[in-house]
Amino acid sequence: MSDKDKIPKNKLTANVKAAGCAAKLGAAELARILARVPSKTTPELIAGIGNFEDAAVYKISDDIAIVETLDFFPPMVDDPYMFGQIAAANALSDIYAMGARPIFALNIVGFPTCDFDDDVLVDILRGGASQVEAAGAVIAGGHSIQLDEPVYGLAVTGLIKPSDMLTNGGAKPFDKLVLSKPIGTGVGLLGSKAEMLSSAAQDALFGSLTKLNATGLDAGRAYSIHALTDITGFGLAGHLHEMSKGSGLKARLNIRAVRLLPEVLELARQGLVPAGAYGNRESYKEAVHYIDKVELEFEDLIFDPQTSGGLLFAVGADDADALANDLLRIGFDASVIGQMLALEGSDKAGLVEIVFK
Amino acid sequence: MEKEIDLRGLVCPEPVIRTKKLLDDKSISKLEALVESEINVKNLARLARSQNISMSCSNEGTFYRIVFTRGEVQPLNFLEDLAIKEAQKETNKQRVGTVVFISKDTFGEGDRDFSVSLLNVFLQTMFDSGHKPRAILMANSGVKLMDPEGSVLPVLNSFLEAGCEVMACGLCLDYYKLKDSVPSDQVTNMFTICEYMMTADKVITP
């Protein structure tokens, strides 16, 4: 292919088959497959695959543990630099979701060099590097292969003192839930691809996708965080389920208190709902119980798979408003979205009750 | 104006975008779309609801046929219904049986009023003697049996309650100006009529 046949630099998603729509394996699918793979563990592994944690944590000594995570996907935006930024923010977020700090990262690259100019990959890597640098970490290397469609991501290593580790278990009854970012990136990205988003809404979407969760975690450290996770592929409802299940409690989510990205409610209403949202709905249908009747588009949004989503904190009821305000002050569109409650009657741990107040 | 569009092989969100463009065109009163996946069906059901457009869907094996019709309000429980109906349709497809095909509103030729009442007697007798066909399909002037003012509708409803499918050709209902008085799940098309007749053990035409 000669240079002039190459795909324009600003059309990164041109030949992507399964963009935001279907890039990730569904939770149910994954569980079915992993059930057939023998797995062993070791006492040093203090967080890992068993409890759907955000990252693996390996204890070296009482003072130090390694936190490791890995994330990559095909582009969901056309701008290569921005794609790099989003992929890196998303990968780094899993480190923050364990309460840890990243120290170094490795690039993971699949790229069709015949279809794109070198500049495109340069921009992707520059975008990723800018986030790693902002996180106070360094890029220590990577691995790249030829692939029909581009993929990019990072393996990130972080450190934490084992006793400081924050997991999705540990929430207490009456804890309040604080979410640091709006939801709707899956729907919003489809809307962007469909050219149905206003430019202001698009800016808000891209701003949220590229925002690092680093300062959000710093804000949380001023309070006693009982449980922490970040909202990604399983959607808000899925991650709430994992947190309440890990904590032996149920969660009550007030949908009206959840911040939504601009215009995503209308887009969902018109059917711009990614496949992953239907997959999540199916995976978590037993766990989600509607106390109030809510419109279908709100349901779709709580199952919408998020890319580079916000941090979800469970904190004492007295701390929640203060934390949300602190987050708002440093530029996060945060809100108190619900609370954790003790199980009653036949409730199962992990129940997510939906109210609309 | 009626229009057809083949959306198979297109990646999300393209089917929604293309359908929305056509639904925005008010000169199109009926749109038929072919899609590949259940996700497409669910997304298009949401689109139809948001635009107050009625939608029906049939599973054609390797793809889905969706029909949008303007001017009818979508029932809210449509999506749950869809899953159940699809499941029922699947079982019905495999279940052979007798299909009663009524293509005129009389039983034989003769004095008109007499021939009309004879048809009523035939259906009533069939019901009373416990015969339950798999489906009663109506076309051409046969669809007049669905007239809420007519004398035959009660017995058709008895069949419906007994679990028989009772369906009338949409094109014909349109022609005889009866479409508004027939529930949308009892409106069918030639494709379905064909399917039922070809897979039946026997077809009875009174």
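Total residues in segment A:276-297 satisfying the condition of being facing chain B (nearest Cβ under 10 Å) and crowded, with 24+ Cβ neighbours inside 10 Å: the figure is 3. Of everything in segment B:24-44 that is β-branched (Val, Ile, Thr) and closer than 11 Å to residue A:278 by Cβ, the residue that is modelled with the lowest pLDDT is B:39.
Within segment A:189-202, residues that are within 14 Å of chain B (Cβ to nearest Cβ) sit with their Cβ atoms under 9 Å from residues that are hydroxyl-bearing (Ser, Thr, Tyr), at 6+ positions apart or across chains, in these pairs: A:189/A:307; A:193/A:13. Given the options A:170, A:128, A:153, A:84, name the one that is more than 14 Å from chain B (Cβ to nearest Cβ), over 20 Å from residue A:210 (Cβ atoms) and either over 18 Å from the mean Cα position of the chain (by Cα) or not polar (S, T, N, Q) (or both). The unique qualifying residue is A:170.
The residues on offer are A:237, A:251, A:219, A:227, and the sole one that is under 21 Å from residue A:175 (Cβ atoms), touching a His at 6+ places or on another chain (Cβ under 8 Å), at pLDDT 95 or above and more than 14 Å from chain B (Cβ to nearest Cβ) is A:251. Could you tell me whether residue B:86 is within 14 Å of chain A (Cβ to nearest Cβ) and either surrounded by fewer than 18 Cβ atoms within 10 Å (Cβ to Cβ) or at pLDDT 90 or above (or both)? Here the answer is no, as residue B:86 does not meet what is asked. A count restricted to segment B:36-47 and to residues that are of a type in the set (A, V, I, L, M), under 23 Å from residue B:186 (Cα atoms) and either at the interface with another protein chain (Cβ under 8 Å from one of its Cβ atoms) or surrounded by fewer than 16 Cβ atoms within 10 Å (Cβ to Cβ) (or both) stands at 3.
Of the residues contained in segment A:298-320, one or more are found to be away from chain B (no Cβ under 14 Å) and among the acidic types (Asp, Glu). Report whether or not residue A:140 is outside any loop (DSSP other than H, G, I, E, B), touching a residue at least 40 places away in the same chain (Cβ under 8 Å) and surrounded by fewer than 23 Cβ atoms within 10 Å (Cβ to Cβ). No, not satisfied. Anything in segment A:148-166 that is crowded, with 23+ Cβ neighbours inside 10 Å, within 16 Å of residue A:224 (Cα to Cα) and hydroxyl-bearing (Ser, Thr, Tyr)? List them, or say none. If the condition is that a residue be crowded, with 23+ Cβ neighbours inside 10 Å, within 16 Å of residue A:224 (Cα to Cα) and hydroxyl-bearing (Ser, Thr, Tyr), then no residue fits. Cβ-Cβ distance below 6 Å, separation of 6 or more or different chains: which pairs start in segment A:20-39 with a residue that is more than 14 Å from chain B (Cβ to nearest Cβ) and loosely packed, with under 14 Cβ neighbours inside 10 Å and end on one that is modelled with pLDDT of 80 or more and outside any loop (DSSP other than H, G, I, E, B)? That search, which allows pairs on different chains as well, returns A:28/A:283. Residue B:51 satisfies every condition listed in (1) within 14 Å of chain A (Cβ to nearest Cβ); (2) in contact with a Leu (Cβ under 8 Å, 6 or more places away or on another chain); (3) more than 21 Å from residue A:274 (Cβ to Cβ) except (3).
Among the residues of this structure, residue A:179 counts as one that is within 18 Å of residue A:336 (Cβ to Cβ) and among the aliphatic types (A, V, I, L, M). Beta carbons closer than 6 Å, at least 6 apart along the sequence or on distinct chains, pair a first residue in segment B:28-50 that is among the β-branched types (Val, Ile, Thr) with a second that is in a strand (DSSP E or B) for B:28/B:3; B:35/B:64; B:41/B:57; B:41/B:64.
Does segment B:25-35 contain at least one residue that is of a type in the set (Val, Ile, Thr), away from every other protein chain (no Cβ under 11 Å) and in a strand (DSSP E or B)? Taking every residue of segment B:25-35 in turn, at least one turns out to be of a type in the set (Val, Ile, Thr), away from every other protein chain (no Cβ under 11 Å) and in a strand (DSSP E or B).
Candidates are the residues of segment B:1-22 that are touching a helix residue (DSSP H, G or I) at 6+ places or on another chain (Cβ under 7 Å) and of a type in the set (A, V, I, L, M); the one that is farthest from the other protein chains (Cβ to nearest Cβ) is B:5.
The values are calculated or read from the model by the stated rules, or taken from the named source; none is laboratory data. As the structure is a computational prediction, the values presented were derived from the model and not from experiment. Backbone-built Cβ (ideal geometry, glycine too); neighbour counts: all protein chains shown.
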